[in-house]
Amino acid sequence: MAASVSKQGEFIIFTLAISVLAASVLVSKHLKTAFDDLFSKFGTKYNVDSDLLRAIAQKESSMQADALAIEPSGHKSYGLMQILDTTAISLGIRDFDKLFDADTNIEAGSRLMSENRKTLGDKFSLDTWIASYRAGAPNVKKLGIVSPKTIDYVADVKQHYYLFKIGREVS
């Protein structure tokens, strides 16, 4: 019987060690990014939490400035913040190659988040704000967060957001 308790105890200690290791790996990836100065600069300029901008970029492109995605609609998304071509045009950006420049891309994403906050008005919350980045502020304001993909997106971004917050406190 004592050997059985000992093996259970060893299993619990092993499980805890794995959990701590996994948590430290998650937080360490959220300590610093190569683009922190830009996230801070444009977060301040557009009154958007820089950790939220980092979280969106982490979800959208895994912090890859050269990321390019082709949507099922045929539209393209560019750079760190995965700015859609149609969104770029609405923000006055006609040369899509400029969206591979981190400075231009992060400013565009920050400006979009600032505009989305205003559009959401009385429907504003952290969840609707994040959802508006994926689904568009007018859609979220009118319909709420209804798409399962958008619900998952919000959860993923919030996880990154809180890990960036924890990472900042640790560093």
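Every read-out reported here was derived from the displayed coordinates using simple, explicitly stated rules and does not represent laboratory data. Source: prediction; values computed, not measured. In this analysis, Cβ positions are derived from the backbone assuming ideal geometry, glycine residues included, and neighbour counts consider all displayed protein chains.
Can you work out ³J(HN,Hα) from phi for every residue in the range 125-136, in order, using Karplus 6.51 cos²θ - 1.76 cosθ + 1.60 and θ = phi - 60°, giving whole Hz and x for Gly and Pro?
Result, ordered by residue: 7, 4, 5, 5, 5, 5, 4, 5, 5, 8, 9, x Hz.
Give the separation of the Cα centroids, the range 142-161 to the range 44-119, in Å.
Value for the Cα centre distance between the two parts: 17 Å.
Search the structure for amide H atoms under 5 Å from the amide H of Ile83, placed 1.01 Å from N in the peptide plane, and list their residues when 5 or more places away or on another chain.
Placed amide hydrogens put Tyr78 under 5 Å from Ile83.
So between Gln64 and Glu115, what do we pick up on full extension, going 0.36 nm a residue minus the alpha carbon distance?
Here the segment from Gln64 to Glu115 would lengthen by 16.0 nm.
Given 37 °C and 0.692 mPa s, compute D for the range 63-171 with the Stokes-Einstein relation, Rh being the Kirkwood radius over Cα pairs; round to the nearest whole µm²/s.
Working: Rh = 14.7 Å.
In µm²/s, the coefficient rounds to 223.
Using 0.36 nm per residue, how much length does the chain from Thr44 to Ile151 gain when fully extended, once their Cα-Cα distance is taken away? Write down the numbers at each step before the final one.
On the way: separation 107, 0.36 × 107 = 38.52 nm, distance 2.73 nm.
Extra length available between Thr44 and Ile151 comes to 35.8 nm.
Assuming R0 = 30 Å, what is the FRET efficiency of Lys32 and Asn139, from their Cβ-Cβ distance, to the nearest 0.05?
Numbers: r = 34 Å, r/R0 = 1.14.
It comes out at approximately 0.30.
What are the ³J(HN,Hα) values, in whole Hz, obtained from phi via the Karplus relation 6.51 cos²θ - 1.76 cosθ + 1.60 with θ = phi - 60°, for each residue of the range 115-123 in sequence order, with x given for Gly and Pro?
Ordered by residue, 3J(HN,Hα) equals 5, 4, 4, 5, 5, 5, x, 6, 8 Hz.
What are the ³J(HN,Hα) couplings of the range 95-106, residue after residue, when phi is run through the Karplus curve with 6.51, -1.76, 1.60 and θ = phi - 60°? Round to Hz, x for glycine and proline.
So the J values, rounded to whole Hz, are 8, 5, 4, 5, 6, 7, 7, 4, 4, 5, 5, 5.
Going through the cross-link list Lys59/Lys158; Lys32/Lys59; Lys123/Lys158; Lys41/Lys142; Lys76/Lys149; Lys76/Lys118, which pairs have a Cα-Cα distance over 21 Å in this structure? Let's see the in-between values first.
Numbers: Lys59/Lys158 10 Å; Lys32/Lys59 15 Å; Lys123/Lys158 18 Å; Lys41/Lys142 31 Å; Lys76/Lys149 18 Å; Lys76/Lys118 25 Å.
Result: Lys41/Lys142; Lys76/Lys118 exceed 21 Å.
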